[in-house]
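**Student:** Here you go, one structure.
The values are calculated or read from the model by the stated rules, or taken from the named source; none is laboratory data. Bear in mind that the values here come from a model prediction, so they are computed numbers and not experimental data. Note that we place each Cβ from the backbone using ideal geometry, even for glycine, and neighbour counts take in every protein chain shown. Quick note on the areas: whole protein, heavy atoms, side chains included, nothing else; ligands and nucleic acids left out. Shrake-Rupley method; radii C 1.70, N 1.55, O 1.52, S 1.80 Å.
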Amino acid sequence: MKTYTRTLTIAGSDSGGGAGIQADLKTFSALGCYGMSVLTALTAQNTQAVTDILAVPAAFIAEQLKAVLSDIGTDAVKIGMLHTPEVIRQVAETLTEFEVTNIVLDPVMVAKSGDKLLQDEAIDALRSYLLPIASIITPNLPEASVLLGRPVETKSDMYPAAVDLAKLCPGAILVKGGHLDTVESTDLLYISGSEQHQFQTERIPTNNSHGTGCTLSSAIAAGLAKGLSMVEAVGAAKAYLTQALQAGADYRLGHGHGPVHHFYSIWQ
């Protein structure tokens with residue numbers, strides 16, 4: 001009897017389809033995984049802005065999680081937008097209860113449009129409850145700055161930031177360099193106290209970059225679910241995102257930041 005490679009996303013819904021749950025499920029499917037979802041919030045969102053957020057009660061988020069994990073289970077989890085301290089605690093407790101492994105945490109704080117997605121008081125809860133159980137966290141430079149309480153803005157800031165983030169998270173640290181003002185896009189992976197790897201690609205000139213963080217973290221989860229090592233999973237995810245950005249650059253959708261092309265290999 002065949003089995004699926006199971007991947008679960010715990011995140012918010014993007015009504016525009018470019019980020020959040022929608023981007024995660026597209027990524028899982030494109031990479032040959034069976035995707036499941038636990039919705040933490042609904043957003044009224046398009047390529048230009050997030051106009052409203054409706055949070056899902058923490059207790060119902062826990063019920064969604066328990067329904068999936070008690071029956072289907074999962075080989076990896078991607079965590080995105082959680083929004084409140086109560087939700088963060090509930091998710092951490094439930095994942096611990098079911099002994100879930102391969103936890104990829106994308107500390108979503110701000111949308112591509114600049115709209116704030118995480119309450120200030122939730123940041124401490126993120127540090128206290130989720131970072132300690134994550135297999136890998138994937139902050140961009142602004143998110144790393146918030147988590148550490150200091151500016152992380154340049155390429156030379158990335159390694160010290162990763163070292164300090166490792167004091168909060170025993171798993172791997174991927175500091176993403178998408179916000180760097182450089183020709184290349186460089187991400188730094190820091191593992192096991194001293195091991196580091198740089199993943200560098202040519203920066204794709206495109207306005208269609210909505211959902212890149214969601215897509216990368218979901219692709220990492222897919223790789224871990226398939227049994228890849230952390231380095232292999234991050235490398236494969238970086239390659240997938242780069243090609244999705246390249247293919248998506250040729251399209252026009254909406255009037256703001258359009259999505260990446262998750263299914264470029266199938267459509268072509």
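**Student:** Going through region 219-235 one residue at a time, which ones are in contact with a Lys or Arg (Cβ under 9 Å, 6 or more places away or on another chain) and either more than 15 Å from Tyr264 (Cβ to Cβ) or basic (Lys, Arg) (or both)?
**Tutor:** Ile220, Ala221, Ala222, Ala225, Ala233
**Student:** Does any residue in region 126-141 that is more than 12 Å from Arg89 (Cα to Cα) come within less than 6 Å, Cβ to Cβ, of a residue that is open to solvent by less than 30 Å² (accessible area, probe 1.4 Å) and in a loop (DSSP other than H, G, I, E, B) six or more places away or on a different chain, and which pairs are these?
**Tutor:** Pairs found: Ala134/Cys169; Ala134/Gly171; Ser135/Gly171; Ile136/Gly171; Ile137/Cys169; Thr138/Asp106; Pro139/Pro107; Leu141/Val152.
**Student:** Return yes or no: is Ala122 at pLDDT below 95, touching a Pro at 6+ places or on another chain (Cβ under 8 Å) and assigned to a helix (DSSP H, G or I)?
**Tutor:** It is true that Ala122 is at pLDDT below 95, touching a Pro at 6+ places or on another chain (Cβ under 8 Å) and assigned to a helix (DSSP H, G or I).
**Student:** Listed residues Val175, Val100; which is crowded, with 19+ Cβ neighbours inside 10 Å, within 14 Å of the chain's Cα centre (by Cα) and modelled with pLDDT of 95 or more?
**Tutor:** Result of the check over Val175, Val100: Val175.
**Student:** Continuing with this model, one more query. Can you name the strands (runs of 3 or more DSSP E) wholly within region 1-94 that have at least 3 residues being under 13 Å from the mean Cα position of the chain (by Cα) and under 26 Å from Glu121 (Cα atoms)?
**Tutor:** Passing ranges, in order: 6-14, 76-79.
**Student:** Oh, and also: Would you pick out the residues in region 134-156 that are under 14 Å from the mean Cα position of the chain (by Cα), of a type in the set (S, T, N, Q) and under 14 Å from Gly177 (Cα atoms)?
**Tutor:** Thr138, Asn140
**Student:** Another one. Please count how many residues of region 240-268 are open to solvent by 20 Å² or more (accessible area, probe 1.4 Å), assigned to a helix (DSSP H, G or I) and over 20 Å from Gly35 (Cβ atoms).
**Tutor:** Of the residues in that region, 3 qualify.
**Student:** Just wondering, is there one or more residues in region 80-98 that are of a type in the set (Lys, Arg) and closer than 23 Å to Asn208 by Cβ?
**Tutor:** no
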